[in-house]
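Here, each number is a calculation from the coordinates, and none is a lab measurement. These numbers come from a predicted model, not from an experiment. A quick note on method: Cβ atoms are made from the backbone with ideal geometry, for glycine too, and the neighbour counts reach across all protein chains shown.
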Amino acid sequence: MSMNGDFSHFTELRRRIHSRPELGFQEHETAALVVAELRRLGLEPETGVGGTGVVATIRRGSGKGSIGLRADMDALPMRERNTFAHRSQFDDRCHACGHDGHVAMLLAAAQALSRSVAFDGTAHLIFQPAEEGLGGARAMIDDGLFERFPCDAIFSMHNMPRLPAGSFAMRSGPFFAASDSFRIVVRGRGGHAAMPHLAVDPIVAAAHIVTAAQSLISRNTDPLQAAVFTFGEFHGGTAGNVIPDHVELRGTARFLDAVLQETLATRFQQLVRDTAAALGATAETEYLRGFPVLVNAGAQTQLALRAAEAVAGADQVQRNAAPLMGSEDFAVLLQQVPGCCILIGNGGGADACMVHSPHYDFNDEIIPAGAAWWVRLVETALPGAGNC
Ligand SMILES: [Zn+2]
Ligand SMILES: [Zn+2]
């Protein structure tokens, strides 16, 4: 493995992608840039996989044994507040989650892997569209990702601000939460605010629903398990002296366990319906399943760990990191093929901007460590004759 040398090319690429962010399934320029880079390395990438996805394959020796290396490519629909030269050229989108860096790290790894003879097997480099809630992983699967590019295991890496730059964190088992969303319309009967006995007040019913939902965590969840129900929107009424006829609520729910998710999702909908009924109102709930729980497989987490320790040293690797209540589309790929998603520290200390902040930027200094992890992972998972 040789990861020494000049990463300025990949820094420049990363900044170019950062300045030209594209939303999910619209990553045309980004995909074209990825394809050009892969062709420059002598690879023959397949394009249009699941929309704008790109996959390139590198084979060595017998070609037996295969792993998928996945990076996401999309940006977020929000305005960047940075002022540096490579800031987004558009007002309505930016790379606030560092997927520009994920692409750059996998391209840097592609360069090293295209020259490496230290592995024996097949590595599929998967550049996925639309991670941010639009279902890019599902689109790739539906487009035959694992039939066309069979993988025994699949891996992914996400940057994490506040973790020391170039350090790694992972865990076996649930690592990112399942994410569901809901919309509730509570209907009563509008009327005069001074004559509530002649109306059915949906504001009071909705307030009871929000309060009652807190018992899902405190009374229906094992105290040693984690779940979240957050109402992020509460809309109702037009005037202080009018009881409106309906209220609309929206929110999100997060779980680290699929059984608990099932139980609470059902319980939530009963509780909403029956709380409204108790107050003479009605409530309709639209409850949508989002990403499933991301579960890292034990054997693949061990491989990821060994590669991380080889790159950064054992003292720079958290092997039993706390799970995160955020969600990750990679969970959908992990439902098909065992694997592991790890975190790489983006640095910046305790007050660094988190991902999805308008001031966030990917740290180019971690490109070498990220690329080295990918390369070492391939050499660890698919050991060659000279690499025992
Ligand atoms: Zn994100
Ligand atoms: Zn992300």
Can you tell which of SER218, SER19, SER167 shows the greatest fluctuation in a Gaussian network model of the chain with Cα springs below 10 Å? SER218
Roughly speaking, what is the centre-to-centre gap between the range 182-202 and the range 28-58 when only Cα atoms are used, to the nearest Å? 56 Å
Any idea what the dipole of the chain comes to, in debye rounded to 20, about its Cα centre with Lys/Arg Cβ at +1 and Asp/Glu Cβ at -1? 380 debye
Charges at C-beta only: +1 for Lys and Arg, -1 for Asp and Glu. How large is the resulting dipole of the range 305-381 about its Cα centre, in Debye rounded to 20? 300 debye
Towards the positive end of the charge dipole of the range 90-205, with charges on Cβ (+1 Lys, Arg; -1 Asp, Glu), say which of PHE155, GLY188, ALA109 has the farthest Cα. GLY188
At a 10 angstrom cut-off on C-beta neighbours, averaged per residue, how do the peptides 283-292, 326-335, 25-34 rank from highest to lowest? 326-335, 25-34, 283-292
Just to be sure I understand: if I project the alpha-carbon convex hull of the chain onto a plane and average over all orientations, what area do I get in nm²? 21.0 nm²
Whole-percent pair-distance distribution, where bins are 10 Å wide, for the alpha carbons of the range 1-110: 14, 44, 30, 10, 2
When the chain is fully extended, how far beyond the present Cα-Cα distance does THR263 get from MET325, taking 0.36 nm per residue of separation? 20.5 nm
If you take the charge dipole of the chain about its Cα centre, with +1 on Lys and Arg Cβ and -1 on Asp and Glu Cβ, which of THR122, ILE67, GLN302 is farthest toward its positive end? GLN302
Estimated vicinal HN-Hα couplings, Hz - the range 143-149 in sequence order (Karplus 6.51, -1.76, 1.60; Gly, Pro = x): 8, x, 3, 7, 7, 7, 10
Where the centre of each part is set by its Cα atoms, how far does the range 256-310 sit from the range 328-388, in angstrom? 25 Å
Sequence gap at least 6, Cα distance under 8 Å: using those rules, report the relative contact order of the range 1-115 to the nearest whole percent. 36 percent
Sorted by mean Cβ packing within 10 Å, highest first, what order do the peptides 237-244, 121-128, 61-68, 358-365 take? 121-128, 358-365, 61-68, 237-244
Rh_Kirkwood(the range 71-139) over Cα pairs, Å, one decimal, evaluates to 13.9 Å
Could you tell me how many degrees, from 0 to 90 and to the nearest 10, lie between the Cα long axis of helix 298-312 and the main elongation axis, the longest principal axis, of the Cα atoms of the chain? 60 degrees
Return the distance in nm (one decimal) between the two label points of a simple spin-label model at ARG289 and ARG250, each offset 7 Å from Cα along Cα→Cβ. 2.3 nm
